[in-house]
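Working notes, structure below.
The values are calculated or read from the model by the stated rules, or taken from the named source; none is laboratory data. Predicted, not measured: the structure shown is a model, and the values here were computed from it. With ideal geometry, Cβ positions are generated from the backbone for all residues, glycine too; neighbour counts draw on all protein chains shown. Surface areas here come from the heavy atoms of the whole protein model, side chains and all, with no ligands, DNA or RNA. Shrake-Rupley method; radii C 1.70, N 1.55, O 1.52, S 1.80 Å.
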Amino acid sequence: MSELVRNERRGAVALLTLNRPKALNALDRATLEALHEAIAEVANDAGARALVLTGEGRAFAAGADIEQMSRMSPQEAETFSRLGHSSAAALESLAIPTIAAVAGFALGGGCELALACDWIYASRKARFGQPEVALGLIPGFGGTSRLVRRVGIAWAKQLVLTGANIEAEEALRIGLVNRSFEPDELLDKALEAGETAAQRGPLAVAMAKRVIEQGQDADVRTAHVLEQNAFGLVSASRDCREGMEAFLQKRDPSFRGE
Ligand code: DAK
């Protein structure tokens, strides 16, 4: 495992830490490759029931590595963009809940990476932005589509077209961030949320996540049908019987993911 991304387990929660603090965790090719590898490890770790993604030092990630990008040919830029997209897609397609814990800067590709997580918790000192237009670029890791879905078209346009940063409080207000915390509380709160989800029925959590995601790409009627089908499927699971029996017997359920 590359040291550019640390992969640790905290109970049932996988904790991935972008670890290039001297460059504010700027996403270069090697870091994105390490991230992709770490996500694959988590996907294959049956004991990991939630994931928290964070950054070492004073940034979550200050964007794609500008120094490296400045030397890329158009072909290399396309490959780089593909790598960024596939890391974001790999995060999104994990069957477990994913939480971005943003302690500092989440800019450009860093903000886009946070957006690929199911939700974002932030420290009160965090700053978010899509500053690409200041470099004569546009967001390249899926930010235009994910940001619109998270905060609506007007805020997405304001952020992308001005390239200006916003503080955690504003990010919270517009729904980019779910909750904000004092800096020293952030990681524990993110791990705690991950642990809470990790204790739920894993099949139900995975199915609910999938239906929410597929549903938002579908028309409402289709989304309802997807939900009904998934509801039927999950109700046939051992975990579902266990969950209901445990409630009726006034005890904690013992889920096995089957
Ligand atoms: N890339 C490379 N190095 C970076 C970096 C970045 N994005 N951000 C910071 N660093 C480095 C700095 O160069 C500095 O290195 P040294 O000089 O110490 O060697 C070190 O991190 C500390 O940064 P500062 O000295 O600048 O720290 P400050 O506190 O003064 O400022 C800052 C913090 C975050 C405000 C500032 O560093 C900053 O503005 N950083 C750049 C933020 C930015 O513009 N990010 C967006 C990058 S564009 C695409 C694919 C992807 C993308 C687009 C297209 N395709 C292939 C189509 C995505 C694009 C982006 O993400």
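Numbers below:
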{"read-out": "Calculated P(r) of segment 115-258 - Cα pairs past 18 Å, %", "value": "68"}
{"read-out": "Computed label-point distance, nm, for sites Asn229 and Ala30 using a 7 Å Cα→Cβ extension", "value": "4.5"}
{"read-out": "Long-range HN-HN contacts of Val102 with modeled amide H, under 5 Å", "value": "Tyr121, Ala122, Ser123"}
{"read-out": "Options Leu191, Met69, Ser87, ranked by Cα towards positive dipole end of the chain, top entry (Cβ charges)", "value": "Leu191"}
{"read-out": "Selected from Gly104, Gly63, Gly136 as most flexible by GNM, with the chain as the system and alpha-carbon contacts under 10 Å", "value": "Gly136"}
{"read-out": "Cut-off 12 Å, label 7 Å out along Cα→Cβ of Ala89, residues of segment 122-161 by amide N", "value": "142"}
{"read-out": "Helix axis angle, 29-43 relative to the chain longest principal axis, alpha carbon, degrees", "value": "0"}
{"read-out": "Solvent-accessible area per residue for the chain (1.4 angstrom probe, square angstrom)", "value": "51"}
{"read-out": "Label-point separation, Asn178 to Arg9 (7 Å along Cα→Cβ), nm", "value": "2.3"}
{"read-out": "Whole-percent carbon and sulfur share, accessible surface of the chain, 1.4 Å", "value": "54"}
{"read-out": "Cβ-placed point charges (K, R +1; D, E -1), dipole of segment 40-147 about Cα centre in debye, nearest 20", "value": "420"}
{"read-out": "In Å², nearest 10: area of His224 left accessible to a 1.4 Å probe", "value": "100"}
{"read-out": "Net charge dipole size for the chain [Lys, Arg +1 and Asp, Glu -1 on Cβ; Debye, nearest 20]", "value": "420"}
{"read-out": "Helical mean residue ellipticity (222 nm; -39500 (n - 2.57) per DSSP H run of 4+; nearest 500) of the chain", "value": "-15000 deg cm²/dmol"}
{"read-out": "Segment Arg238-Glu258, length gained on full extension (0.36 nm per residue, minus Cα span)", "value": "6.6 nm"}
